[in-house]
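What follows is a single structure, written as structure tokens, with notes after it.
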Amino acid sequence: QVQLVESGGGLVQPGGSLSLSCAASGIAFSRYDMGWHRQAPGKQRELVATITTGGITNYADSVKGRFTIHRDNANDKVYLQMRSLKPEDTAVYSCNAKGTTWNYWGQGTQVTVSS
């Protein structure tokens, strides 16, 4: 059974930092491109950051320079380090595993940026 379990969400003040993690099981993790997406209330889900099997990263313009994605293939985890958080970063953040055939999603973790 494939599982992607996110953790690390919470409430943070504007300008603060937060680190999310996603633990994968049931897949050959190193063979999957991994990504973080987010969905704010009333808005469509949007791509935040991706990292390929080879470690190439890509970021949404809105988070470039503030967020960093990295992966730990030894422990089947992907991380999203977020700094200089803004209220508009408030959303449910979900991780995604994209393979050549299958695409998997986690349930998400809430990030709220508010004073």
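Placing +1 on the Cβ of each Lys and Arg and -1 on the Cβ of each Asp and Glu in the chain, which of ASN58, GLY26, GLY10 has its Cα farthest towards the positive end of the resulting dipole?
Ranked along the dipole, the leading option is ASN58.
Return an integer: the convex hull volume of the alpha-carbon atoms of region 72-115, in Å³ per residue.
Value for region 72-115: 102 Å³ per residue.
Please report the antiparallel percentage of DSSP beta bridges with both residues in the chain, rounded to the nearest 5.
Around 95 percent antiparallel, to the nearest 5.
Identify all lysines with a Cα-Cα distance to LYS43 below 26 Å; exclude those on the same chain that are fewer than 8 residues away in sequence.
Result set, ordered by chain and number: LYS64, LYS86, LYS98.
Can you grab the distance from the C-alpha centre of region 1-56 to the C-alpha centre of region 84-113, Å, no decimals?
With region 1-56 and region 84-113 each reduced to a Cα centre, they are spaced 4 Å.
Can you give the convex hull volume per residue for the Cα atoms of region 1-103, as a whole number of Å³?
For region 1-103, the hull spanned by Cα atoms encloses 103 Å³ per residue.
If ASP76, ASP89 are ordered by their accessible area, calculated over protein heavy atoms with a 1.4 Å probe, which sequence runs from highest to lowest?
ASP76, ASP89
For region 1-83, give the magnitude of the charge dipole about the Cα centre (Cβ charges: +1 Lys/Arg, -1 Asp/Glu; no others), in debye to the nearest 20.
So the magnitude is around 180 debye.
Grab the other residues whose beta carbon is less than 11 angstrom from that of THR90, score K and R as +1, D and E as -1, and report the net.
Once all neighbours under 11 Å are counted, the net charge is +1.
The values are calculated or read from the model by the stated rules, or taken from the named source; none is laboratory data. In this text the structure is predicted, and so the values were computed from the model without any measurement. When we count neighbours, we look across all protein chains shown, and the Cβ atoms used for this are built from the backbone with ideal geometry, even at glycine. To get the accessible areas, we keep the full protein, side chains included, count just its heavy atoms, and leave off ligands, DNA and RNA. Shrake-Rupley method; radii C 1.70, N 1.55, O 1.52, S 1.80 Å.
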